[in-house]
Amino acid sequence: MTKARAMQPLASGLADPVFGSQIVFRTVLDALSAPGKIFDLSDNLAGTPAKLPPAAATLLLTLADYETPVWLQSEDQETRRWLSFHTGAPKASAPSEARFAVIDGAASSARLGDFNLGEDRYPDTSTTILVLCDALEGGLPVALTGPGIKGSTRFAPRGLDASLWREIADNNAMYPLGVDLIFVAGSQLAGLPRSTQIGGGL
Amino acid sequence: MSAHKHQTERQYWMGVLARSTADSVASLLVSLGTVPAYEVIKRPETGTLMLEARAGGAGRRFNTGEATLTRCVVRLADGTMGFSYALGRDRKKAEHAAILDAVLQTESAHRSDLLVMIDRIAEEQQAQRNIVSRKAAATKVNFFTLVRGDG
Amino acid sequence: MYVAVKGGEAAILATHDLVAEERRGDPSVPELSVAQIREQMQLSVARVMNEGSLYDEDLAALALKQAQGDMIEAAFLMRAYRTTLPRFGSSVPLDTATMAIRRRISATYKDLPGGQVLGPTYDYTHRLFDFALMANGEDAPSAAIAPEALDATMQRVPDILGDEGLMEPEVPPADDPRPFDLTRDPIEFPADRDVRLQTLARGDEGFLLGLAYSVQRGFGGNHPFAGEIRLGEVAVQFVPEELGFAVDLGDITLTECQMVNQFQGSKDQPPQFTRGYGLSFGHAERKAMSMAIIDRSLKARDFGEATEYPAQQEEFVLYHADNVEASGFVEHLKLPHYVDFQGELELLRKIRAEQEERAIALKEAAE
């Protein structure tokens, strides 16, 4: 009955769902506490569907569950099936419905303002967005300042659409509302919460 | 217990396995002789399920509390996936039931034997429910009128 | 204000050993097994599952054993354990109309389809001690078995009157929204029915019983009838995201109570009977009845009734029904408050000293 569906192989999840997800969660916490700093998940990577970089896949396995609708900018059947199998996370009907989202940093179509920005009483309910990039270094550098950064720090993700930094500055202006961003490339990630000010490379 | 009218065959055996004891699920597995090679896709894991109910039985949905639930997913060498979901915290039973769910979907020689045994377990479960119901029926009130006045 | 102090560690470790010994009691008396508690203390197990908000009879029995029979401590253990588990999803709404009935009574209709089934109840016992139970070791008791089983399903009693339009209807709102979950989101007031029912379902039985009693005695103004009480097993179904069809997970025992109340009617609504609903895990009839009475009294606002009594005030009821929260706040008072108290003591001494100085000054001025 469900055989046709069952025959397709499915990428596996975290090798150790409990401890693996705890370590990854801790890493996300650290990344959002130290904006722009690059973290590596190589030791705890999950099995990955073809169209999702390992770090993004591992983050979704850790963070998403059946109560967190996920929005994928490039909707893809294999990724969706993998995500729903491992996390039970439903598909967000619109960006504003998403608790988590995956967008392509090189595409200009994603508007950060379209996502859930939270509300005054519960700003924490906004969307957390994974931004896929080519690499977390070697791009046009920007200077980051704000909580978690001593003085200022340099952040230079590669392969981003130029409009994204303007979007991020607009997002920043809405503080305490706004989305939080996690840049991912390969097995690496770096956090850029809404509290971080962007300067420089604009 | 539940209305079995619209169940598919797979829903039927999954329900019977979920209601079975760990021992009877294990004995079904033993009846296969050799357990087929399988890979665990989701390790047996205990979590909770939020139980929803409806106000007045049919009205607005509300959350009435959670229940423990254990699940497991396995894959046979031919790619067939077997699932198990059952109330409680029995991980061994979950893994065994997931293997059986997979075997029951294949054209294996054991399939028809297994189905016969599952029917037998289902009959036992039904017989047990029947006894419980008959004990309750013994406490059913049969009203009769003692005296009926004129005014 | 709290201040971290050191030095209690050895004492605390020693209390763990001491409480373990106390829990065991006289070692010449055989130890209780969890299975014994599960099978022979079923009503306590039900209460712990309700107030712990987690259906698992073995865990509730273990909680009772570990807490030396302290219900609230046992509920606390269940709540704490629950937080360590992932949640896989929400069930298909339980359908109590498909319940395999073990008890079903109505105080509003004598003759109803399916009949009055008394089931296992203490209602008709004489509350006299059975000293044979103290002796132990008698043969297992056996219940009478009727030749025929009960009807496979029985219509819920309020639905019978509903057919005449005399009963407040219970229908889902448009879109049948997913219910609020107080374990995920903070309660806000005014609270909707789903919020109220979830809070009551995990609320303390004693608190709800006292409030329900107050309603009946006139502090709430509703005269309820027990439209129906039913006890039995209901199948739990779940649609796993990865399967896409409903799977039967097994059965759970539930007690359901439908209270029927008089209502005068208003400008907008014709006179009709109104309803209160109670649902609890296991056999927990007093809890389900209390819940149903309070569910109705909390509808006061919806019906434009005055809300002058405690049982009609949702903030009062919903914020104080949870015994784990309540005991947490009451019992935290035994934690060290040395600094607060010293502060108050100093202040009091200072005020007293100032008063005395003033009194002396006044006295001297007078002389």
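With all protein chains kept in place, the per residue accessible area of chain C amounts to 56 square angstrom at a probe of 1.4 angstrom. Between C:Arg184 and B:Phe143, the modelled labels are 4.5 nm apart [label points 7 Å from Cα along Cα→Cβ]. Taking other residues whose beta carbon is less than 13 angstrom from the beta carbon of A:Pro35, and scoring Lys, Arg as +1 and Asp, Glu as -1, yields +2. If I compute solvent accessible area with a 1.4 Å probe over the protein chains, what percent of it on chain B is carbon and sulfur? Of the solvent-accessible surface of chain B, carbon and sulfur hold 52 percent.
Report the GluC sites (Glu not before Pro) located in the stretch C:25-112 that are in a DSSP loop and have at most 11 other Cβ atoms inside 10 Å of their Cβ, or state none.
On the way: sites: C:Glu31, C:Glu39, C:Glu51, C:Glu57, C:Glu73; in loops: C:Glu31.
Counting only loop positions with at most 11 other Cβ atoms within 10 Å, the GluC sites (Glu not before Pro) in the stretch C:25-112 are C:Glu31.
Simple point charges give the picture: +1 on the Cβ of Lys and Arg, -1 on the Cβ of Asp and Glu, and for the protein assembly as shown a dipole about the Cα centre of about 680 debye.
The angle between the Cα long axis of helix A:77-87 and the main principal axis of chain A comes to about 90°, on a 0 to 90 degree scale. To the nearest ten degrees, helix C:285-297 and the longest principal axis of the Cα atoms of chain C are 80 degrees apart.
If N is the number of residues in the stretch C:1-56, what value comes out of its Cα radius of gyration divided by 2.2 N^0.38 Å? Intermediate values should be presented prior to the final figure.
Working: Rg = 17.3 Å, N = 56, 2.2 N^0.38 = 10.2 Å.
Cα-based Rg divided by the globular estimate yields 1.70.
Please identify every one of the GluC sites (Glu not before Pro) in the stretch B:91-147 that sits in a loop by DSSP and has no more than 10 other beta carbons within 10 Å of its own beta carbon. The partial results should precede the final answer.
Working: sites: B:Glu95, B:Glu107, B:Glu123, B:Glu124; in loops: B:Glu107.
Those satisfying the criteria are B:Glu107.
For the stretch A:12-199, what is the accessible area per residue in Å² when the probe is 1.4 Å?
43
Here the alpha carbons of the stretch C:249-310 define both size measures, Rg and Dmax, at 14.3, 47 Å.
Using only protein heavy atoms and a 1.4 Å probe, how much accessible area in total is buried between B and C, to the nearest 100 Å²?
Values: alone 10530 and 23850 Å², together 28360 Å².
Between B and C, the summed buried area is about 6000 Å².
Residues considered: C:Ala75, C:Ala326, C:Ala11. Largest GNM mean-square fluctuation over chain C, using C-alpha springs under 10 Å, is found at C:Ala11. Note: relative contact order over the stretch A:12-199, using C-alpha pairs below 8 Å and six or more positions apart, is 25 percent.
Hey, could you get me the Stokes-Einstein D for the stretch B:9-126, Kirkwood radius over alpha-carbon pairs, 20 °C and 1.002 mPa s, rounded to whole µm² s⁻¹?
Translational D for this selection: 142 µm²/s.
Using a Gaussian network model of chain A in which every pair of alpha carbons under 10 angstrom is joined by a spring, one finds that among A:Ala173, A:Ala98, A:Ala46 the greatest mean-square fluctuation is at A:Ala173.
With coordinates expressed along the principal axes, the C-alpha atoms belonging to chain A extend over 58, 33, 29 Å, beginning with the largest.
Split the accessible area of the stretch C:74-121 by element, probe 1.4 Å, and carbon with sulfur accounts for 63%.
Electrostatic bookkeeping for A:Asp104 treats Lys and Arg as +1 and Asp and Glu as -1; over the other residues with beta carbon under 11 Å from its beta carbon, the sum is -1. Annotation for the B:A interface, with buried accessible surface near 1100 Å², both sides summed [1.4 Å probe; non-protein components not counted]. In chain C, taking the dipole from charged Cβ atoms about the Cα centre, the farthest positive-side position among C:Ala353, C:Tyr122, C:Ala321 is held by C:Ala353.
If R0 is 45 Å, what FRET efficiency do you get for B:Val35 and C:Arg301 from their C-beta distance, rounded to 0.05?
Calculated transfer efficiency: 0.15.
Which of the peptides C:147-160, C:339-352 is most tightly packed, and how do the rest follow, judged by the mean count of other Cβ atoms within 10 Å per residue? Please list the in-between numbers first.
Numbers: C:147-160: 17.6, C:339-352: 10.6.
Descending packing order for the listed peptides: C:147-160, C:339-352.
Give me log10 I(q)/I(0) at q = 0.20 Å⁻¹ for the stretch C:218-367, Debye formula, one equal scatterer per alpha-carbon, no solvent. Scattering profile of the stretch C:218-367, log10 relative to I(0): -1.18.
Equivalent-ellipsoid semi-axes for chain C (Cα gyration tensor, √(5λ), whole Å, largest first): 44, 32, 22.
Comparing A:Ser84, A:Val131, A:Pro147 along the charge dipole axis of the stretch A:12-199, the residue lying farthest to the positive side is A:Pro147, per the Cβ-charge model. A cut-off under 15 angstrom between Cβ atoms defines the neighbours of B:Glu95, and their net charge, with Lys, Arg +1 and Asp, Glu -1, is +3. Per-residue shielding of C:107-114, expressed as the average number of other chain Cβ atoms within 10 Å of the residue Cβ, stands at 1.
Taking a point 7 Å out from the Cα of C:Leu43 in the direction of its Cβ, the residues of the stretch C:108-149 whose backbone N falls within less than 20 Å of it are C:117-136, C:141-144. Comparing the full protein assembly with the isolated chain, the residues of the stretch B:12-26 losing at least 20 square angstrom of accessible surface (1.4 Å probe) are B:Met14, B:Ala18, B:Arg19. In chain A, helices alone account for a calculated mean residue ellipticity at 222 nm of -8000 deg cm²/dmol, with every DSSP H run of four or more residues adding -39,500 (n - 2.57). Once the Cα atoms are used to define both axes, helix B:91-105 deviates from the longest principal axis of chain B by about 80 degrees. For the protein assembly as shown, the calculated P(r), taken from all Cα-Cα distances in 10 Å bins from zero up to the bin holding the longest distance, is 2, 12, 18, 21, 20, 15, 7, 3, 1, 0, 0, 0 percent. Expressed as a whole percent, the accessible area of the stretch A:12-199 that falls on carbon and sulfur atoms is 51 (1.4 Å probe).
When chain C is treated as a Gaussian network with alpha carbon springs shorter than 10 Å, the biggest mean-square fluctuation among C:Gly304, C:Gly232, C:Gly119 belongs to C:Gly304.
The values are calculated or read from the model by the stated rules, or taken from the named source; none is laboratory data. Note that this is a predicted model, so its numbers are computed, not measured. Positions of Cβ are generated from backbone atoms using ideal geometry, with glycine treated the same way; all protein chains shown enter the neighbour counts. Heads up: the accessible areas ignore ligands, DNA and RNA and are worked out on the full protein's heavy atoms, side chains in. Shrake-Rupley method; radii C 1.70, N 1.55, O 1.52, S 1.80 Å.
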